[in-house]
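Report on the following structure.
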Amino acid sequence: MSLKLDDKDIAILLLIQENSKLTANQIAKKTNTPITTVFAKIKRMEELGVIKQYRAILSPEKLNLSTAAFILVAVSYGNKEDGTPITQRDVAEEIVKLSEVQEVHIITGDWDLLVKVRAESVDAIGKFVVDKLRRISGLQKTLTCMVFETVKETTSLPRVSKKKTSEKPQTAVE
């Protein structure tokens, strides 16, 4: 499914990405758009699933969760006890249940999954890997990469570039 977004849709999305607490009135003023149009466009993008949800972004440092790690996971593709098949998705679905986990991605290459975790310390991440993660059935091995410093971390999607022609810019969202 391809969805066409116009310049106003893009402008509204960029503002909401920056600050989802903006009111429709504030968005209308910033985009020079009637408030009824802003309401209608936001409602349409919510119904179409372009806007999935609104969230607060919490400070891990303020919540004593400043230690982050990315963990590469290899899947064995078979249960150790009875040999029944296990997929990357099966293992990923078990990993997402663990509270320390922020992200789980099925990837290509020598490893099967990429997992992002946060905890209060390196020791806590070590205990998480040994006592929780490695106990998941179908997990063959892990490689933990500790984060020294985060240079960029965002939930915003890339800004959409405008066409250089005189055509009205359109963006396809799948």
Take the residues of the range 131-151 that are surrounded by fewer than 12 Cβ atoms within 10 Å (Cβ to Cβ) and of a type in the set (Val, Ile, Thr): which is nearest to Glu81 (Cα to Cα)?
Thr150
Give the residue, chosen from Glu81, Glu47, Glu61, that is surrounded by fewer than 17 Cβ atoms within 10 Å (Cβ to Cβ), within 30 Å of Asp110 (Cβ to Cβ) and charged (D, E, K, R).
Glu81
State whether one or more residues within the range 39-62 are of a type outside the set (D, E, K, R) and more than 30 Å from Asn25 (Cα to Cα).
yes
Determine which single condition Leu157 fails, assuming it passes every other condition in (1) modelled with pLDDT under 95; (2) surrounded by 16 or more Cβ atoms within 10 Å (Cβ to Cβ); (3) under 29 Å from Leu14 (Cα atoms); (4) not small (Gly, Ala, Ser).
(2)
So the check is Cβ under 9 Å with 6+ separation or different chains; which pairs have a first residue in the range 104-133 that's of a type in the set (Gly, Ala, Ser) and at pLDDT 95 or above and a second one that's assigned to a helix (DSSP H, G or I) and buried (at least 20 other Cβ atoms within 10 Å of the Cβ)?
Ala119/Ile125; Ala119/Phe128
Pairs, please: C-beta under 6 Å, at least 6 apart or cross-chain, first residue among the aromatic types (Phe, Trp, Tyr) and in the range 68-84, second surrounded by 15 or more Cβ atoms within 10 Å (Cβ to Cβ)?
Phe70/Lys116; Tyr77/Ile86
Among the residues of the range 65-94, the number that are modelled with pLDDT of 90 or more and farther than 30 Å from Leu22 by Cβ is 19
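The values are calculated or read from the model by the stated rules, or taken from the named source; none is laboratory data. The model shown is predicted, which means the values in this text are computed figures rather than measured ones. Methodologically, a virtual Cβ is constructed for each residue, glycine included, from the backbone with ideal geometry; neighbour enumeration extends over all protein chains shown.
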